[in-house]
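*Asks:* My questions all concern the structure below.
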Amino acid sequence: MISIQAIDHVVLRIVDLDGMIRFYTEVLGARLEKVQAEIGLWQLRVGTALIDLVPVTGKLGAMAPRRRGKGATSTISASGWRRGMAKRFSRTLRPTES
């Protein structure tokens, strides 16, 4: 089992900015902390962590690589993401000693 103590921030490249802001604020209780629309960055605060929303059509979002394989960006379902992450972490992380 992985024991995460804290997450500082995550960056999500997104398509539907309004929908994502609604989801994170109304469903998860995040608050909009900072907007830098000129570069395409919306930051939401959840506890001590930040969620950076980066629309793919913005300046930052357009900078991501568009390739297949390691480092590629794509759309994936939540269940597919969980399976992929479980497989990846089972190979790279070892359980912590209690």
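*Asks:* What about Glu38, is it out of contact with any helix residue (DSSP H, G or I) (no Cβ under 9 Å at 6 or more places or on another chain) and surrounded by 12 or more Cβ atoms within 10 Å (Cβ to Cβ)? Working first, answer last.
*Replies:* On the way: out of contact with any helix residue (DSSP H, G or I) (no Cβ under 9 Å at 6 or more places or on another chain): yes; surrounded by 12 or more Cβ atoms within 10 Å (Cβ to Cβ): no.
In short, no.
*Asks:* What are the residues in the stretch 1-20 that are within 15 Å of the chain's Cα centre (by Cα), farther than 16 Å from Ala49 by Cβ and β-branched (Val, Ile, Thr), if any?
*Replies:* Across the stretch 1-20, the qualifying residues are Ile14, Val15.
*Asks:* Here's a follow-up. Here is a list: Ile14, Ile4, Ile21, Ile39. Which entry is out of contact with any His (no Cβ under 7 Å at 6 or more places or on another chain) and more than 24 Å from Ala64 (Cβ to Cβ)?
*Replies:* Details: Ile14 fails: more than 24 Å from Ala64 (Cβ to Cβ); Ile21 fails: more than 24 Å from Ala64 (Cβ to Cβ); Ile39 fails: more than 24 Å from Ala64 (Cβ to Cβ).
None of the others qualify; the one that does is Ile4.
Rule-based calculations on the coordinates, nothing more; no lab input. Being a predicted model, the structure only gives us computed values, none of them experimental. FYI the Cβ positions are ideal-geometry reconstructions off the backbone, even for glycines, and counts take in every protein chain you see.
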